[in-house]
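The numbers here are math on the coordinates, done by the rules we state, and not lab data. Since the structure is predicted, the reported quantities are computational estimates derived from the model, not experimental observations. Note that each Cβ is placed from the backbone with ideal geometry, even for glycine, and that neighbours are counted across all protein chains shown.
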Amino acid sequence: MSSLPLAPTPPMGWNSWNTFGHNINEELIKGIADKFTELGLKDAGYEYVVIDDCWSERERGADGRLVPDKNKFPNGIKPVADYVHSKGLKFGIYSCAGTHTCAGFPGSFEHEYVDAATFAEWGVDYLKYDYCYKPVHVAGENLYKRMGMALRSCGRDIVFSACNWGVDDVYNWIRESGAQLYRSTGDIRDNWQSIKHIALSQLDKQCYSGTYCWNDMDMLVVGMCGKGDNAEVIDGMGKLAGCTDTEYKTHFALWAMMNSPLMIGCDIRRASEEALNILKNPDVIAINQDPEGRGPFCIRQWNNPDNVFALIKPLCGGDYAIGMYNLSDNPSEMSLQFFDIGLPTASGLALEFYNCHTKENEGKFTERRSVRVEPHDCYMYRCKVVKA
Ligand code: GLA
């Protein structure tokens with residue numbers, strides 16, 4: 001095992017759940033791995049190919065071990081992991097802290113150590129660990145510590161991706177479980193309401209995210225365009241309806257700025273060019289992957305403080321990332337006062353704005369930056385502090 005810490009920046013990859021649900025198999029996963037290289041996703045930084053729920057048989061084997069579904073993965077999981085590795089990528093799988101996974105397959109409760117050993121043998125590099133069917137008599141905190149220790153002692157580097165949806169005060173105890181990332185919300189849906197709800201719910205949680213233990217705002221829906229195959233996608237959070245490209249752009253810019261892992265959830269084999277451009281934007285990714293891993297602070301706008309805000313994040317080397325977001329349904333004139341972010345006019349300094357979407361340098365500004373932001377749209381800048 002490596003003596004270096006895992007996930008020094010938010011993990012980037014792809015996960016099968018959003019689009020494929022239970023419809024997964026060996027060919028799909030290999031095809032996705034192929035596309036990672038063909039589409040330039042690997043070069044953009046995406047690394048983990050993760051199989052979510054529904055990969056195993058309904059019962060454990062006689063030896064107590066998990067058994068891969070014989071139809072979906074006729075050769076087992078190891079060859080799939082090997083294939084993913086042969087592409088220079090990493091391989092992830094899913095289990096659950098409860099007796100069953102959310103879709104009713106065997107969970108790892110009371111099998112933590114044997115499952116960690118099995119995953120290590122198969123060449124797993126990343127484990128997403130869910131929270132369904134958790135026995136009421138054991139604290140969730142304890143169960144995540146257990147799997148955390150099982151992974152740390154299994155002889156292989158395996159990123160631990162906890163997924164308890166932000167319940168049971170997870171913010172207070174997850175870092176010490178050893179998890180490298182933790183889900184902080186319920187499941188995302190491929191619609192604007194869901195994106196907005198998740199982003200707003202995590203604005204005041206940024207201090208609980210950082211290097212080696214990232215707040216995971218759930219997989220990306222960029223590029224899904226209403227094509228998810230997940231049967232559970234219709235619920236109180238609205239119908240699976242898809243989003244506009246502008247909404248996907250804002251979704252990605254929020255997740256990037258808020259240091260969420262960037263796990264693609266669409267069928268990349270069929271994603272539009274626009275979706276791929278959003279997902280591969282190097283300037284936005286660089287802000288997410290900034291080595292210093294600091295979270296942003298939020299400056300709300302007086303005229304619609306619940307939905308219109310700027311996020312400001314100090315980057316390694318002295319730059320600042322500034323995102324201006326309008327999650328409301330009306331155009332908004334936004335004005336960010338530099339005094340509010342620590343740059344009074346008397347400093348004699350200005351901010352130079354580089355637009356991460358248009359790739360234009362928009363020049364120097366003093367005192368404030370005002371922009372009109374269309375509904376559901378955003379601006380994302382990388383700024384330098386320069387002489388006025
Ligand atoms: C939970 C998780 C999802 C997904 C499903 C699989 O709902 O939050 O991300 O893993 O289980 O059943």
Extent along principal axes [Cα atoms of the chain; Å; largest to smallest]: 73, 40, 39
About the Cα centre, charge dipole magnitude for the chain (Lys/Arg +1, Asp/Glu -1 at Cβ), debye: 560 debye
Per residue, how much space in cubic angstrom lies within the convex hull of the C-alpha atoms of region 63-186? 112 Å³
Would you mind checking region 343-371 for residues with the amide N under 12 Å from a putative spin-label position 7 Å along Cα→C-beta of N277? 357-359
May I ask you to work out the translational diffusion coefficient for region 190-309 at 10 °C, viscosity 1.306 mPa s, via Stokes-Einstein with Rh from the Kirkwood sum over Cα pairs, reported in whole µm²/s? 105 µm²/s
Among 329-336, 188-195, how do they line up from the highest to the lowest mean number of other beta-carbon atoms within 10 Å? 188-195, 329-336
If you restrict to DSSP beta bridges whose two residues both lie in the chain, what percentage is antiparallel, to the nearest 5? 60 percent
Order 155-161, 256-262 from most to least packed using the mean count of other Cβ atoms within 10 Å. 256-262, 155-161
FRET E, pair N330, A62, Förster distance 45 Å, beta-carbon r, rounded to 0.05: 0.10
So the FRET efficiency between Q193 and N355, C-beta based with R0 = 25 Å and rounded to 0.05, is 0.35
Mind checking which aspartates and glutamates have their C-alpha under 16 Å from K128, skipping anything on the same chain fewer than 8 residues away? E47, D52, D53, E112, D115, E141, D157, D187, D216, D218
Just order 113-121, 50-58, 274-282 by mean Cβ neighbour count inside 10 Å, highest at the front, would you? 50-58, 113-121, 274-282
One point scatterer per Cα, no solvent, Debye formula: log10 I(q)/I(0) for region 1-118 at q = 0.21, 0.23 Å⁻¹ comes out as -1.26, -1.39
What the Cα atoms of region 288-379 span along the principal axes, largest first and in whole Å, is 36, 32, 24
Can you tell me which aspartates and glutamates have their Cα less than 20 Å from the Cα of K384? Leave out same-chain residues fewer than eight positions away. D283, D290, E292, D319, D340, E352, E360, E362, E367
How large is ³J(HN,Hα) for each residue in region 260-272, as worked out from phi by the Karplus curve 6.51 cos²θ - 1.76 cosθ + 1.60 (θ = phi - 60°), to whole Hz, x for Gly and Pro? 6, x, 10, 10, 5, x, 8, 7, 5, 5, 10, 5, 6
Sorted by chain and then number, the residues having a modelled amide H within less than 5 Å of the amide H of G76, at least 5 places away or on another chain, are none
Test of understanding: extend the Cα→C-beta vector of N75 to 7 Å, then name every residue of region 13-28 with backbone N under 15 Å from that spot. 25-28
Computed, not fitted: 222 nm per-residue ellipticity of the chain from DSSP H runs ≥ 4 (each -39500 (n - 2.57)), nearest 500, equal to -7000 deg cm²/dmol
Please give the length that would be gained between R156 and E176 if that part of the chain were fully extended, namely 0.36 nm times their separation in residues minus their C-alpha to C-alpha distance (nm, one decimal). 5.2 nm
So if each residue of separation counts as 0.36 nm, and I subtract the Cα-Cα distance between C298 and V385, what length gain in nm does that give? 29.4 nm
Mean separation of Cα contacts under 8 Å, 6 or more apart, over the residue count of the chain: relative contact order %: 14 percent
